[in-house]
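Here the structure is laid out as structure tokens; the discussion comes afterwards.
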């Protein structure tokens, strides 16, 4: 009986991350053709035999989100029809995660819909990172391995040796993540209260915590328009913060976000390569999560535990 080989394939959203993951594991990325017909329909063909193999398809559902989600679904379906033994969707950034509940009348729960589509396409398990809401794991009827970028960010922050550091959440909802960073770094914790004006504008209007003369680290799972981060950073500096850094796992920054970051309220933005990020000569530091995802893929393939990948300083 043929042994299930580990094979990794990349969608079009972030092939550079796939290359880094394959380099870490020590294998070459699998050969697959992914292109489009003139009308925009996606075409996928695996260019090598994958019958009975352990397949990992790496695709972030970043801009353009709908295209990348559809491409991932088609790749999963093609792998299933090619008789792959197991198909793991590696989704470093899980799009539609903000639509995880009915917070208004007559709106969808789109993150659940995407979960249903992935399972229907033929995914056997999902590997993802820093979901916007942890309960999204429960939307799946297949195993979900949910990793955190905090070990990577922690190692970088430790190398900075910043004094008088205080961790801030930009809103009440992010307090759990901020508290975890504060515990790891052994520093105080605070948060900003905010009011969302519309989809692109956020007004930070109050702070709780020590700010005067401190180096502030704002932590969040993602930023797109940078409205929450910049609004909070501006308020913190008005209250005497010496410097303000921000650490976000998913830097899905759009044009409005780049304009806001160029205002200089945030002295350094720390993010990861779960999605492609253009630094544009701004103070943006990109950390790679390839070793974390690569180690998780190796352990999943070997049916080993991934629990230890969550731990930083014993947490």
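Please treat every number below as a calculation from the coordinates, not as lab data. Not measured: the values here are computed from a predicted model. Every residue, glycine among them, receives a Cβ derived from its backbone with ideal geometry; neighbour counts consider all protein chains shown.
For helix 15-25, what angle does its Cα long axis make with the longest principal axis of the chain, in degrees from 0 to 90 and rounded to 10?
The helix 15-25 is inclined about 80 degrees to the chain.
For the range 237-285, what's the relative contact order in percent, using C-alpha pairs closer than 8 Å and at least 6 residues apart? Numbers along the way, then the final one.
Working: 56 pairs, mean separation 20.5, N = 49.
Here the relative contact order equals 42 percent.
Place the peptides 215-221, 81-87 in order of packing, highest mean first, counting for every residue the other Cβ atoms within 10 Å and averaging per peptide. Provide the component values of the computation, followed by the final result.
Working: 215-221: 23.9, 81-87: 17.0.
Peptide ranking by packing, descending: 215-221, 81-87.
Select from 75, 129, 177 the residue whose mean-square fluctuation is largest in a Gaussian network model of the chain (Cα-Cα springs shorter than 10 Å).
The residue that fluctuates most here is 177.
Among 214, 187, which comes first, then next, by fewest other beta-carbon atoms within 10 Å?
187, 214
Suppose a student asked you for the relative contact order of the chain, using Cα pairs under 8 Å spaced at least 6 residues apart; what percent would you report?
Details: 649 pairs, mean separation 43.1, N = 315.
In percent, rounded to a whole number, it is 14.
Given the C-alpha atoms of the range 150-287, compute the convex hull and give its volume per residue in Å³.
So the per-residue Cα hull volume is 95 Å³.
Working from Cα positions, state the angle (0 to 90°, nearest 10) between the long axis of helix 290-301 and the longest principal axis of the chain.
40 degrees
With viscosity set to 1.306 mPa s at 10 °C, what whole-number translational diffusion coefficient in µm²/s follows for the range 1-115 from Stokes-Einstein and a Kirkwood radius over Cα pairs?
On the way: Rh = 15.2 Å.
Rounded, D is 105 µm²/s.
Between the range 131-195 and the range 231-299, how far is it from one alpha carbon centroid to the other, in angstrom?
13 Å
Run the numbers for residue 206 and residue 43: contour at 0.36 nm per residue of separation, minus the present Cα-Cα distance, in nm.
On the way: separation 163, 0.36 × 163 = 58.68 nm, distance 5.03 nm.
Full extension of this stretch gives 53.6 nm more.
Based solely on its DSSP helices, what 222 nm [θ] is calculated for the chain when runs of n ≥ 4 H residues each add -39,500 (n - 2.57) and the sum is averaged over all residues, nearest 500 deg cm²/dmol?
-9000 deg cm²/dmol
Report, to the nearest 10°, how far helix 227-238 tilts away from the longest principal axis of the Cα atoms in the chain, using its own Cα long axis and a range of 0 to 90°.
Between the helix axis and the principal axis of the chain, the angle is about 20 degrees.
From the P(r) of the range 72-150, can you give the percent of Cα pairs sitting at distances over 21 Å? Write down the numbers at each step before the final one.
On the way: 852 of 3081 pairs.
In whole percent, the share of Cα-Cα pairs in the range 72-150 beyond 21 Å is 28.
If R₀ is 30 angstrom, what is the calculated FRET efficiency for the pair residue 281 and residue 109, using the beta carbon separation as r and rounding to 0.05? Could you put the intermediate results ahead of the total?
Values: r = 40 Å, r/R0 = 1.32.
Efficiency, from the Cβ-Cβ distance: 0.15.
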